[in-house]
Amino acid sequence: MYGYTAAEIIGRSTSLVIPPETAPELIPIFQRVRQGEGIEHFETRLCRKDGSLIEVSLTDSPIRDASGAVVGISAITRDMTERNRANARFRGLLEAAPDATVCVDSGGRIVLVNAQAERLFGYPREELAGQLVEILVPDAIKGAHPALRAGYAADPQPRQLGAGLELSGRRRDGTTFPAEIALSVLDTDQGILVSAAIRDATQQQQTLDALRRTNQNLQQLGYSIAHDLRTPLRSLAGFSAALVEDYADVLGEEGRSYAYRIEAASQHIGRVLDDLMHLSRLARAVISLQPVNLGAEAAIIAADLQRQDPARSVRFTIQPQAWALADRTLIREALHNLLDNAWKFTAGRNDAAIDFGMTAAANARVCCHVRDNGAGFNPAYADKLFTPFQRLHTTLEFPGTTGVGLASVRQIVDRHNGLTWAESTIGDGATFFFTLQAAEPVWPPDK
């Protein structure tokens, strides 16, 4: 460590390794040890034979004779140069980080913060050092936070917090702010530290709230327009029918054809408006979550489809126990739309097959699928399927209404904070996927 051989250093004064600038702080330490006190982990600088300085941690203990008198000092020295350089680099990176960063030890006490954290929370770092991290947590959730912290300590993996949660931080003045938080783990000489990168999400929250208000206003406007247009459309269709009935001879064949077209177009627009109102109601429906066996719901829907068209023979494969947390009414509608879609697009096959199942997914979620061996679609247009009034097949190929069924599925799954997507090859069937929150089975199961 010092570059001397034993022969070169034994018997020499300790001033050989003590540079003049550190002597004033070391002399009082040696005096305390000579008086019988032990000193642990005192950090200072010492000098090598070549004149270079090393940063060390000293643990000094008194050496006593048989009578207990102090006759010398034992100094255990640990070279801290590389560790301190690494710490300096880490602190430099910490200060350069764009987010507020708070490092917490295994006991939940703050050991390090950066300047961004000082600005965000309003505390000087000296005041935060040694405090429990709950000082930065709003009062409303402060009591539950130690348990959450312990839960993370049991499985300390890097993770982004906030999915489905509204997180917030507490400033020194008591005000709170919405926050985005990412956790990571640091293995240091001080043990495992948890590093929390914290970002003030006030602007994002305000933007999201504004978008929600705008979306609600647009939905209400669309609902109002659709509702107000239904009466004149019914009148238009009714008068067209009356015109044909009362003035058929006057109109002639061409005139009657025009009247029929007006009536048909009015009825079609009426169905479109009904679907718009339905989508609006889905967006505003109150969600009541409960464990639902989607397998049982799918089996009921499959039986209804077969009963409505007994001439067809379709092989259904349905997972009997497929539990998820959902609104029973809404998720039943989504399942009906998907299974009815599969029923319709397998109409041209003698060996028609439809499958419903579920697999576990990440973050305590499940991935459900409805698969068929029907007509399929061009995968390049997969996302258009979930857009209202978009159809990839003509009504001559596959009869249908306005093409709003899959849009309703996406709306419903969105309301459950899930995802929807589809995969297919033309002529080789299609698979529709959606994710929901997992749920434990309920026993005895519902009838």
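The values are calculated or read from the model by the stated rules, or taken from the named source; none is laboratory data. All values reported here derive from a predicted model rather than from experimental measurement. Cβ placement follows ideal geometry from the backbone for every residue including glycine, while neighbour counts extend to all protein chains displayed. Protein only, heavy atoms only, side chains kept; ligands, DNA and RNA dropped before computing areas. Shrake-Rupley method; radii C 1.70, N 1.55, O 1.52, S 1.80 Å.
Here are a few things to note about the model shown:
- Residue in the range 11-31 that is closer than 23 Å to residue 188 by Cα, touching a helix residue (DSSP H, G or I) at 6+ places or on another chain (Cβ under 9 Å) and loosely packed, with under 15 Cβ neighbours inside 10 Å present: no
- Residue 240, sole failed condition from (1) polar (S, T, N, Q); (2) buried (at least 19 other Cβ atoms within 10 Å of the Cβ); (3) not in a helix (DSSP H, G or I): (3)
- Restricted to the range 165-219, and to residues there that are touching a residue at least 40 places away in the same chain (Cβ under 8 Å) and in a loop (DSSP other than H, G, I, E, B), the residue that is surrounded by the fewest Cβ atoms within 10 Å (Cβ to Cβ) is 173.
- Pair list, Cβ < 9 Å and 6+ apart or interchain, from the range 308-329 residues that are hydroxyl-bearing (Ser, Thr, Tyr) to residues that are at pLDDT below 95 and part of a loop (DSSP other than H, G, I, E, B): 313/350; 313/351; 313/352; 329/285; 329/288
- Residue ID - farthest from residue 27 (Cα to Cα), chosen from residues in the range 39-62 that are among the acidic types (Asp, Glu) and open to solvent by 70 Å² or more (accessible area, probe 1.4 Å): 50
- One residue from 65, 79 being touching a residue at least 60 places away in the same chain (Cβ under 8 Å) and open to solvent by 50 Å² or more (accessible area, probe 1.4 Å): 79
- Considering the range 149-164, the residues that are among the charged types (D, E, K, R) and surrounded by 10 or more Cβ atoms within 10 Å (Cβ to Cβ) include one that is modelled with the lowest pLDDT, namely 159.
- Residue 292 within 27 Å of residue 334 (Cβ to Cβ), open to solvent by less than 40 Å² (accessible area, probe 1.4 Å) and assigned to a strand (DSSP E or B): yes
- Going through (1) closer than 16 Å to residue 199 by Cβ; (2) surrounded by fewer than 14 Cβ atoms within 10 Å (Cβ to Cβ); (3) hydrophobic (A, V, I, L, M, F, W, C) one by one, residue 113 falls short only on (2).
- Hey, residue 266 touching a residue at least 24 places away in the same chain (Cβ under 8 Å) and among the small types (Gly, Ala, Ser) or not: yes
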